[in-house]
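A quick write-up on the structure given underneath.
The values are calculated or read from the model by the stated rules, or taken from the named source; none is laboratory data. Since this is a predicted model, take the numbers as computed values, not measurements. Because the Cβ atoms are built from the backbone with ideal geometry, glycine has one as well, and the counts that use them run over all protein chains shown. Areas reflect the complete protein model, heavy atoms only, side chains present, ligands, DNA and RNA absent. Shrake-Rupley method; radii C 1.70, N 1.55, O 1.52, S 1.80 Å.
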Amino acid sequence: MKTIYITEQFKDDWNRVLNHIANLFYEDSVIKFTKDGSDMSISFTHAIDEQFTITTAAKLIVDGQEYTSDYSIGYATEGTEKEQNIRMKRALSHVMLDVLEQYTGMTQQWGILTGVRPTKLYHKYRKAGLPEEEIFAVLKKDFRLSDAKISLMKEIVARQLQIIPDLDEIGQEISIYIGVPFCPTMCAYCTFPAYAIQSNRKAGRVEKFIDGLHIELREMGKWLTEKNMRITSIYWGGGTPTSIEAEEMDALYQTMFDSFPNKESIREITVEAGRPDTITPEKIEVLKKWGIDRISVNPQSYTQETLKAIGRHHTVQETVDKFWLSRNMGMNNINMDLIIGLPNEGIEEFKHSLEESAKMQPESLTVHTLSFKRASEMTRNKDKYKVADRDTVAEMMQMASNWTKENGYVPYYLYRQKNILGNLENVGYCKPGEESIYNIVIMEEVQTILGIGCGASSKFVHPVTGKITQFHNPKDPAAYIMTFEDAIKKKIDILNELYS
């Protein structure tokens with residue numbers, strides 16, 4: 001843990017932002033106030049003049065050495081109090097990042113951005129009418145992004161607009177996420193709703209959950225039908241929705257198609273079959289019956305020791321076998337996930353995973369960088385898991401970028417997470433034309449995502465203002481069973497207010 005002292009007392013939310021910047025350089029850093037300075041302290045000056053120009057400066061003193069930075073930015077209007085607060089935090093982050101980069105010799109490719117959705121910022125400037133060269137200049141000067149990351153964002157935004165030409169108007173439609181919270185086992189890095197299916201089936205919770213999910217699908221379908229709402233995309237996630245039996249899947253899809261309106265206008269349906277040990281010929285036949293051919297078969301790694309270490313109880317060969325089973329039975333759009341930085345993996349192991357991926361050529365490959373999520377087993381027992389250093393994960397990410405270009409893939413969405421190794425990102429690559437519409441709309445927050453099922457989060461996006469309201473169904477199956485009827489009522493109230 002690294003303690004950085006600042007010589008001025010800021011508001012709590014300003015300190016949190018500075019802490020986020022410090023965490024880019026030091027794991028689990030702490031920001032503390034001191035009047036007297038210390039072995040490592042930063043002093044700031046900040047002001048705003050009558051022309052709405054913000055000026056900030058920072059001086060870092062470490063063991064008698066000084067590192068300084070200053071920055072100013074002008075605005076056309078005074079802005080609201082909230083906007084002024086955001087502007088000042090951004091300006092303080094700018095100079096803090098600069099002095100820490102000087103001292104450590106590290107360059108943060110994502111600059112001061114610590115949020116999840118960088119491309120959303122690019123879209124914001126695009127929709128405001130800024131030409132590409134101005135967007136590039138703003139991201140570089142005011143957010144300190146590297147040329148490479150700005151170019152990646154530009155490429156992804158262009159791809160998104162190509163696959164969804166009506167992206168800016170799609171807020172009049174809605175997408176749906178359906179959560180099934182069961183998996184064969186819990187992965188060590190995971191914080192999604194994922195409960196061991198066998199023990200929950202023995203306790204009767206699987207059947208009761210499915211009964212509740214049928215009711216929620218029908219009730220939400222009634223509202224969608226009354227409003228004649230068009231559905232853009234549907235995503236079955238979890239957990240692993242193929243953990244349940246084939247006949248249970250079939251019945252749920254029957255309810256979904258019976259309940260939802262405008263089925264002919266649905267652009268995409270995805271079923272997350274990420275755990276290969278849940279895929280069977282019977283389940284694939286059910287998917288085919290309902291015209292669903294977009295699934296995930298996720299290896300995460302092609303090293304057996306890694307799978308064991310992270311709690312995945314299938315074999316590497318099972319991943320390969322289930323991919324080809326799915327492909328040969330008619331699944332024409334298969335996504336696979338790889339994770340950079342898994343325990344005890346380095347360049348050679350990741351190279352092997354890319355070589356194995358090349359043999360299968362899935363329609364899309366999502367490359368994640370390991371993130372130490374707060375509630376995961378891996379975070380709770382961090383000393384038990386040895387992961388790659390910053391330079392190694394950066395090299396692996398570059399390997400992924402090179403490999404995808406060589407194999408005809410293009411990047412089409414990205415997102416970032418807190419505590420992500422190397423301050424990197426997660427990138428979705430695909431063969432041109434095989435982009436996931438759902439992945440785009442949820443990352444860019446351009447329309448309402450209605451969450452149905454256990455652990456499903458609803459993100460209500462106002463179709464005119466873009467204001468976001470969130471509602472979360474319970475993660476635990478037992479809690480969901482007890483409360484799903486109340487959740488239905490609350491979500492319908494929000495929807496009625498949003499689309500009145």
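Quick notes on this one:
This table checks each residue for (1) of a type in the set (S, T, N, Q); (2) open to solvent by 10 Å² or more (accessible area, probe 1.4 Å); (3) touching a residue at least 40 places away in the same chain (Cβ under 8 Å).
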residue: ILE170; (1), (2), (3): no, no, yes
residue: ILE174; (1), (2), (3): no, no, yes
residue: PHE182; (1), (2), (3): no, no, yes
residue: TYR235; (1), (2), (3): no, yes, yes
residue: GLU247; (1), (2), (3): no, yes, no
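- Per the conditions (1) on the phi > 0 side of the Ramachandran plot; (2) modelled with pLDDT under 95, the sole criterion not satisfied by THR114 is (1).
- The one condition in (1) open to solvent by 30 Å² or more (accessible area, probe 1.4 Å); (2) more than 24 Å from LEU424 (Cα to Cα); (3) hydrophobic (A, V, I, L, M, F, W, C) that MET1 fails to fulfil: (2)
- The number of residues in the stretch 462-500 being under 17 Å from the mean Cα position of the chain (by Cα) and β-branched (Val, Ile, Thr) comes to 1.
- Residue pairs meeting the criteria (Cβ under 8 Å; at least 6 apart or on separate chains; first without any contact (Cβ under 8 Å) to a residue 40 or more places away in the chain and of a type in the set (Val, Ile, Thr), in the stretch 280-292; second surrounded by 12 or more Cβ atoms within 10 Å (Cβ to Cβ) and not in a loop (DSSP other than H, G, I, E, B)): THR280/ALA246; ILE292/TYR253; ILE292/ILE269; ILE292/THR270; ILE292/VAL271
- Taking the criterion of being open to solvent by 60 Å² or more (accessible area, probe 1.4 Å) and under 23 Å from the mean Cα position of the chain (by Cα), the only residue of the stretch 127-139 that qualifies is LYS127.
- Flag if VAL271 is in a helix (DSSP H, G or I) and under 27 Å from ASN335 (Cα atoms): no
- Selected residue (criterion: most open to solvent (accessible area, probe 1.4 Å)) from residues of the stretch 25-57 that are of a type in the set (A, V, I, L, M) and either more than 24 Å from GLU81 (Cβ to Cβ) or not in a strand (DSSP E or B) (or both): VAL30
- Any hit, the stretch 444-452, residues being hydroxyl-bearing (Ser, Thr, Tyr), under 24 Å from VAL157 (Cα atoms) and open to solvent by less than 10 Å² (accessible area, probe 1.4 Å): yes
- Of the strands (runs of 3 or more DSSP E) contained entirely in the stretch 358-441, those carrying at least 1 residues that are small (Gly, Ala, Ser) and modelled with pLDDT of 95 or more fall at 364-369, 426-430.
- Qualifying residue in the stretch 104-117 (condition: more than 16 Å from HIS20 (Cα to Cα) and surrounded by 15 or more Cβ atoms within 10 Å (Cβ to Cβ)): no
- Those helices (runs of 4 or more DSSP H) lying entirely in the stretch 124-220 with at least 1 residues under 30 Å from ASP250 (Cα atoms), at pLDDT below 95 and among the hydrophobic types (A, V, I, L, M, F, W, C): 197-202
- Among the residues of the stretch 442-473, those that are part of a loop (DSSP other than H, G, I, E, B) and either in contact with a Ser or Thr (Cβ under 6 Å, 6 or more places away or on another chain) or not aliphatic (A, V, I, L, M) (or both) comprise GLU445, GLN447, CYS454, GLY455, HIS462, PRO463, THR465, GLY466, LYS467, ASN473.
- Within the stretch 212-229, if we keep just the residues that are in contact (Cβ under 8 Å) with a residue 24 or more places away in the chain and open to solvent by 70 Å² or more (accessible area, probe 1.4 Å), the residue that is farthest from ASP486 (Cα to Cα) turns out to be ASN228.
- Residue list for the stretch 473-495, restricted to those being open to solvent by less than 10 Å² (accessible area, probe 1.4 Å) and either more than 15 Å from ILE215 (Cβ to Cβ) or of a type in the set (Gly, Ala, Ser) (or both): ALA487, LEU495
- Residue, least open to solvent (accessible area, probe 1.4 Å), within the stretch 66-100, restricted to residues that are part of a helix (DSSP H, G or I) and without any contact (Cβ under 8 Å) to a residue 40 or more places away in the chain: ARG87
- Selected residue [under 21 Å from LYS418 (Cβ atoms) and among the small types (Gly, Ala, Ser)] from SER93, SER43: SER93
- Of the residues making up the stretch 465-487, just one is free of Cβ contacts under 8 Å to residues at least 60 places away in the same chain and among the basic types (Lys, Arg), namely LYS467.
- Residue check, ILE284 modelled with pLDDT of 95 or more and of a type in the set (Val, Ile, Thr): yes
- Applying the condition of being acidic (Asp, Glu) and over 19 Å from PRO193 (Cα atoms) to the stretch 256-314 and asking which residue is most open to solvent (accessible area, probe 1.4 Å) yields GLU264.
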